[in-house]
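**Student:** Input: one structure, supplied below.
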Amino acid sequence: MESASCVQEDEMINRVKRLTCEPRDASRLRIVLLTSGGHFAGCVFDGNSVLAHKTFHRYVVRAKAGKRQSGKDATGKVAHSAGSSLRRYNEAALRKEVQELIVSWKSYFDTCVCAFIYAPSKNRQMLFDGDKTQSVIQACDIRSVPLTVHRPTLKEAKRVYSNLTQLHYEMECSTTDETLPHGESVTSVEESEGKKKEVAVDSKESISNLSVSLELLNNNEEVKNEEVIIPSSKKETTPLHEAAKSGNAQLTLELLEQGLDPCIKDARGKTPYLLASDKEVRNTFRRFMALNLDKWDWHAANVPSALTKEMEESQAAKQAEKDAKKKARAKELKKLKKAREKEENEKEKEKAKAQPSQSKTSMGQMANRTTSVPGLKPKHQTPQQFLIEKEEERQRKLAEEREKRAAAAERRLAALAAQSAGTSGAAAAANSVQKAATDDNSCSCCFTSLAGKVPFHRYNYKYCSTTCMHLHSEMLQDD
């Protein structure tokens, strides 16, 4: 007696028939969500077609440590390095991105039949922590992935979905000792074991979306030679169209071997080859064309040319030669780079050796070199050179001041001589001239024009500089 948990044969057939008759109008979707080690991949499938997909990757696991930063922090040893801070930030950012994506896919989850989720250990918090994401995901039937999942990528999500939606079965072969005669030799037993198994297959109940295992096809000539009846649909889309569109090369080859016509066009007027976006699927059509050149009208199937084994070997040899040249070129560039770096290091060492000898040059020569061209300063100055330049600049300013003082003294002496030699009227005229000159827009000491300058004021006098101001005050005190 069979247990209640086992599915009866009739019920299984009815389930498969319901699956094959499902409408492909985005009303019965299936979603695959994979997340692990900072990687996330999500896909929305309508049959074998991908309606939407998204992948994320963040640096959350330290190399060769094998643990998330939040798990490290939970042990009580909180690191404060730059890498740990970056991993904490990336973990929070990844959680936010995934939750925002799930909320944006709410319309897909509302029409979803079931969602296959792979999120080991604490990765489930990424999907179920938020209130919004939890309500969105739990609106549909959640199932775990009963397969080994590698790094979550778009290709891995497609592989998982392909394995989940394929049906594989094996036929039991039971041989008992009662059926064998007592006097039969070992060779006759081996021959009886090697006989082909008889399998009754009803062609009317053949299902288009099932991929028959290769072992069954190899062991049963009845299944291989039997013509597969495909139910016609309004859109005239065959399982070969679906297999080519989904990128399943193995299923495409099996359907071609079963006799499906690659010349049939769908509602949009496209053959299965034109729907194949994967190069391996297109090569499958071309390989089958090379082996069965007269079986179909390959021009009507839009298959451009046959792909023989010799052509593939030639292409592989050309690609290998191209890769070898590329590798040799990269190796040569690496050698040139090392030689250039070595040459630069030697030049730097020579400069470092020559620098102490240059520093032994006398300070007087360096000062003469800098003062020979006015306004020109060397690129690299020692502290002694800087002090020498400062001292020279101070001496130059003092010399200019002395010249101004001498000129003012000469004018003062000339004014005194004119005052003593002339009459009082002449002195008054001179004073009036000096006053008029002072009242004008000119310096009261050196009588330089103040046009375009901001003058220094002292009482009612104007000066072009502080030097003139001090000199004029001394002149007034002497008078």
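**Student:** On the given criteria, is VAL136 in contact (Cβ under 8 Å) with a residue 12 or more places away in the chain and under 20 Å from ARG28 (Cα atoms)?
**Tutor:** Numbers: in contact (Cβ under 8 Å) with a residue 12 or more places away in the chain: yes; under 20 Å from ARG28 (Cα atoms): yes.
Answer is yes for this residue.
**Student:** Moving on to the next point. Kindly provide the set of residues from the range 49-63 that are over 18 Å from ARG159 (Cα atoms) and in contact with a Lys or Arg (Cβ under 9 Å, 6 or more places away or on another chain), ordered by number.
**Tutor:** ARG58, TYR59, VAL60, VAL61, ARG62
**Student:** Just to be sure before I move on: is SER107 without any contact (Cβ under 8 Å) to a residue 40 or more places away in the chain and under 25 Å from GLN138 (Cβ atoms) in the structure I sent?
**Tutor:** Details: without any contact (Cβ under 8 Å) to a residue 40 or more places away in the chain: yes; under 25 Å from GLN138 (Cβ atoms): yes.
Answer is yes for this residue.
**Student:** Still on this structure: Evaluate the range 84-106: report whether one residue or more is among the polar types (S, T, N, Q), within 19 Å of GLN125 (Cβ to Cβ) and more than 24 Å from the chain's Cα centre (by Cα).
**Tutor:** No, that holds for no residue.
**Student:** Can you tell which of VAL281, VAL303 is assigned by TED's automatic domain parsing to the domain that holds GLU257, hydrophobic (A, V, I, L, M, F, W, C) and in a loop (DSSP other than H, G, I, E, B)? Can you show your working first?
**Tutor:** On the way: VAL281 fails: in a loop (DSSP other than H, G, I, E, B).
Just one listed residue meets the conditions, VAL303.
**Student:** Spot the failing condition for GLY42; the list is (1) of a type outside the set (A, V, I, L, M); (2) in contact with a helix residue (DSSP H, G or I) (Cβ under 7 Å, 6 or more places away or on another chain); (3) without any contact (Cβ under 8 Å) to a residue 60 or more places away in the chain, and only one is missed.
**Tutor:** Condition (3) is where GLY42 drops out.
**Student:** Here's another thing I want to ask about it. Filtering the range 42-101 down to residues that are assigned to a strand (DSSP E or B) and farther than 21 Å from ILE137 by Cβ, which residue is modelled with the highest pLDDT? Break it down into steps so the answer makes sense when it comes.
**Tutor:** Let us first name the residues in the range 42-101 that are assigned to a strand (DSSP E or B), namely 42-46, 49-57, 61, 68.
Now narrow it down to the ones that are farther than 21 Å from ILE137 by Cβ: 49, 57, 61, 68.
Details: SER49: 88, HIS57: 93, VAL61: 85, ARG68: 74.
Looking at residues that are assigned to a strand (DSSP E or B) and farther than 21 Å from ILE137 by Cβ, I get HIS57.
**Student:** Might you let me know whether the range 26-38 holds any residue that is in a loop (DSSP other than H, G, I, E, B), under 19 Å from the mean Cα position of the chain (by Cα) and assigned by TED's automatic domain parsing to the domain that holds GLN134?
**Tutor:** The initial filter retains those residues of the range 26-38 that are in a loop (DSSP other than H, G, I, E, B), namely 26-28, 37-38.
If we keep only those that are under 19 Å from the mean Cα position of the chain (by Cα) too, we end up with 37-38.
With the extra rule that they be assigned by TED's automatic domain parsing to the domain that holds GLN134, the set shrinks to 37-38.
Looking through the range 26-38, at least one residue is in a loop (DSSP other than H, G, I, E, B), under 19 Å from the mean Cα position of the chain (by Cα) and assigned by TED's automatic domain parsing to the domain that holds GLN134.
**Student:** Failed condition for TRP298, given (1) outside the structural domain of GLU254 (by TED's automatic domain parsing); (2) in contact with a helix residue (DSSP H, G or I) (Cβ under 7 Å, 6 or more places away or on another chain), with all others met?
**Tutor:** The one condition TRP298 does not meet is (1).
**Student:** Taking the range 241-271, which residues are closer than 17 Å to ARG287 by Cα and touching a Ser or Thr at 6+ places or on another chain (Cβ under 7 Å)?
**Tutor:** Selection gives ALA243, ALA244, GLY247, ASN248, ALA249, LEU251, THR252, LEU253, GLU254, LEU260, PRO262, CYS263.
**Student:** Among the residues of the range 306-328, is there at least one that is charged (D, E, K, R) and in a loop (DSSP other than H, G, I, E, B)?
**Tutor:** Let us first name the residues in the range 306-328 that are charged (D, E, K, R), namely 309-310, 312-313, 318, 321-323, 325-327.
Right, trim to in a loop (DSSP other than H, G, I, E, B) and you get none.
Looking through the range 306-328, none of the residues is charged (D, E, K, R) and in a loop (DSSP other than H, G, I, E, B).
The values are calculated or read from the model by the stated rules, or taken from the named source; none is laboratory data. Not measured: the values here are computed from a predicted model. Virtual Cβ from ideal backbone geometry, glycine too; neighbours counted across all protein chains shown.
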